[in-house]
Amino acid sequence: MEREIKAEIAFDMVSAVDELNKQVGLEFDFVRVARIQDAVARHLGGLAAVVAVPRSVPGLVTMRLLTVGFVEGDQIERLEVRKGQEKRRGGGKRRM
């Protein structure tokens, strides 16, 4: 005989919405985003042959505008697909 077990998980919806509001606000602080993006680019500088992080354009970043350089290459989401294709073809150069 099956027995159904019910459990209720206490969840503070107000705190969750407050945190979401805070994170969305940070996501659209483009001066902050540019600063973090440039820091990531500096920290990954030793991997420049395989990882490219676009840099912000000085003078073209404000709270409401983020301008970054263009980076030629594959989107990071497509790397696994491309990696599988390269294996089937016997190798190839990986670009980001």
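Here, each number is a calculation from the coordinates, and none is a lab measurement. No experiment lies behind these values; they were computed from the predicted model shown. Backbone-built Cβ (ideal geometry, glycine too); neighbour counts: all protein chains shown.
Before moving on, here are some points about what is shown:
- Taken over the stretch 37-55, the residue count meeting the criterion of being of a type outside the set (Val, Ile, Thr), closer than 14 Å to Gly69 by Cβ and within 15 Å of the chain's Cα centre (by Cα) is 6.
- Exactly one residue among Arg35, Arg3 is surrounded by 10 or more Cβ atoms within 10 Å (Cβ to Cβ) and without any contact (Cβ under 8 Å) to a residue 24 or more places away in the chain, and that residue is Arg35.
- Residue within the stretch 7-28 that is assigned to a loop (DSSP other than H, G, I, E, B), surrounded by 10 or more Cβ atoms within 10 Å (Cβ to Cβ) and out of contact with any Ser or Thr (no Cβ under 6 Å at 6 or more places or on another chain) present: yes
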